[in-house]
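Beneath this line is the structure, given in structure tokens, with notes to follow.
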Amino acid sequence: MSTTYWQKRMEIPGRVSFSEGNGDMPRIEIKTPHSTGEIYLNGATVTHFQRNGEPPILFLSQFSRWAAGQPIRGGVPICFPWFGAQEGAPQHGFARTTSWDLKEITQTADGGVSVRLGLPESADASLYPPFTADYVVTFGKQLTLELLIKNTSADQDFSFENCLHTYFTVGDINAISLTGLKGASFLDKVDNLSRKVETSQNLKINQETDRIYVDTASTVEIHDSKLQRRIVVEKEGSQSTVVWNPWVAKAQQMPDFGNEEYPNMVCVESGNVSDNRLVLPAGKTAMLKVVIDSLPL
Ligand code: TA6
């Protein structure tokens with residue numbers, strides 16, 4: 001799938017370029033004074049964010065599929081309008097396997113770059129009340145992600161889940177801890193969705209972990225003693241945080257994920273899922289915003 005004339009016209013020399021990425025899929029490459037990044041139109045998936053001179057912040061599997069209609073394994077998949085499994089439909093909704101339209105590219109005062117994409121109309125989308133979905137990604141010293149869902153119907157509520165399913169690079173899963181979740185209730189997907197309360201101030205991961213924390217707006221930090229950094233995941237408009245690492249057995253079951261990749265990633269996902277599903281009244285907009293930063297440990 002080649003980049004088109006209009007994409008080329010939107011290039012900014014030295015800042016924004018278009019190319020055929022993996023699988024010849026349209027990719028936008030970004031360079032700023034502080035960082036590099038990239039987005040694929042497939043699923044509007046941010047697949048790379050790296051601060052100059054530092055290890056990548058986002059994880060991308062070397063075994064990801066790269067094909068229209070297939071989710072990319074890594075970066076920031078967009079789960080919408082549902083999270084998890086749905087009878088007879090792809091897991092995590094259709095937004096992450098749809099090619100989004102590029103709407104606008106602007107530069108920020110500090111040399112950053114903002115890319116706005118829109119979810120096109122589709123047969124899948126027509127099953128819901130009329131809505132628009134816009135996604136604004138800003139690459140700078142930080143990575144800022146804003147998913148804006150507007151209910152454009154005249155009088156119908158729009159009920160949906162949203163989640164930015166972010167994969168983070170870590171030096172060694174056995175040498176990280178997560179802060180910010182103590183006291184939060186969670187559904188434990190590796191224990192029959194039983195409802196528990198997080199007791200750890202510094203959550204360590206030493207087995208398959210798949211937890212949906214609900215009613216929490218807290219910032220989560222990933223303290224990485226191997227890479228000597230802490231990744232800060234700040235969010236707005238989100239009441240759920242999902243923490244996932246597939247560990248050994250699940251990693252071996254995923255064809256688009258390497259058996260030896262689980263030690264170098266953790267998902268800390270921000271959205272509104274399960275108990276926190278949204279019901280958006282007509283004419284209203286739901287904004288889900290995540291700001292990702294990295295500081296020395
Ligand atoms: O967010 C965690 C999770 O729901 C896990 O249960 C696992 O299924 C993961 O998402 C990846 O889902 P995917 O459909 O991308 O394989």
If you line up the Cα atoms of the chain on their principal axes, what length do they span on each, largest first, in Å? 52, 50, 37
Which trypsin sites (Lys or Arg not before Pro) in segment 226-257 sit in a loop by DSSP (not H, G, I, E or B) and have at most 16 other Cβ atoms within 10 Å of their own Cβ? K226
Sort all Cα-Cα distances of segment 181-244 into consecutive 5 angstrom bins from zero, then give the percent of pairs in each bin up to the one containing the longest distance. 4, 17, 26, 27, 16, 8, 2, 0
Quick one: net charge of V290's neighbours, Cβ under 12 Å, K/R +1, D/E -1? -3
Amide H within-cut-off set for K103, under 5 Å, with H built and near neighbours excluded: R116, L117, G118
Residue-wise HN-Hα coupling along segment 50-65, computed from phi with Karplus coefficients 6.51, -1.76, 1.60 (Hz; x: Gly, Pro): 8, 7, 3, x, 10, x, x, 8, 8, 9, 9, 5, 6, 10, 4, 6
For segment 1-93, go through all pairs of different Cα atoms, get the mean of 1/r, take its inverse, and jot down that Kirkwood value in Å. 14.4
Which ³J(HN,Hα) values, rounded to whole Hz and listed in residue order, are derived for segment 177-194 from phi using the Karplus coefficients 6.51, -1.76 and 1.60 in 6.51 cos²θ - 1.76 cosθ + 1.60 with θ = phi - 60°, glycine and proline given as x? 9, 10, 10, x, 10, 4, x, 7, 7, 9, 9, 9, 6, 9, 9, 6, 6, 5
Estimate the FRET efficiency between Q107 and N52 by the formula 1/(1 + (r/R0)^6), using the beta-carbon distance for r and 30 Å for R0, to the nearest 0.05. 0.95
Once the principal axes of the Cα atoms of segment 209-261 are found, what is the range along each, listed largest first in whole angstroms? 34, 28, 15
Over all Cα pairs of segment 152-219, the Kirkwood radius sets Rh, and Rg/Rh then becomes 1.08
Restricting things to alpha carbons, find the Rg to Rh ratio for segment 217-297 using the Kirkwood radius for Rh. 1.07
Whole-Hz Karplus couplings 3J(HN,Hα) for segment 97-105, θ = phi - 60° and coefficients 6.51, -1.76, 1.60, Gly and Pro as x, run 10, 9, 7, 7, 8, 7, 10, 6, 10
Tally up the carbon and sulfur contribution to the accessible surface of the chain as a whole percent, 1.4 Å probe, everything protein left in place. 47
Candidates per trypsin sites (Lys or Arg not before Pro) in segment 37-118, loop by DSSP, up to 16 other Cβ within 10 Å: R65
If I model a spin label as a point 7 Å beyond the Cα along the Cα-Cβ vector, how far apart are those points for S177 and T132 in nm? 4.6
For segment 48-109, place one equal point scatterer on every Cα, skip the solvent, and apply the Debye formula. What is log10 of I(q)/I(0) at q = 0.16 Å⁻¹? -0.71
If the viscosity is 0.692 mPa s and the temperature 37 °C, what Stokes-Einstein diffusion coefficient in µm²/s follows for segment 157-297 when Rh is the Kirkwood radius over Cα pairs? 210
Of K189/K235; K182/K226; K250/K289; K31/K204; K182/K289, which sit over 27 Å apart, Cα to Cα? K250/K289; K31/K204
Alpha-carbon Rg/Rh ratio, for segment 26-182, with Rh computed the Kirkwood way: 0.98
Dipole in debye (nearest 20) - the chain, about Cα centre, beta carbon charges: Lys, Arg +1; Asp, Glu -1: 440
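The values are calculated or read from the model by the stated rules, or taken from the named source; none is laboratory data. None of these values were measured; they are calculated from a predicted model. All Cβ positions, glycine included, derive from the backbone under ideal geometry; neighbour counts span all protein chains shown. Note: areas computed on protein heavy atoms with side chains; ligands, DNA, RNA excluded. Shrake-Rupley method; radii C 1.70, N 1.55, O 1.52, S 1.80 Å.
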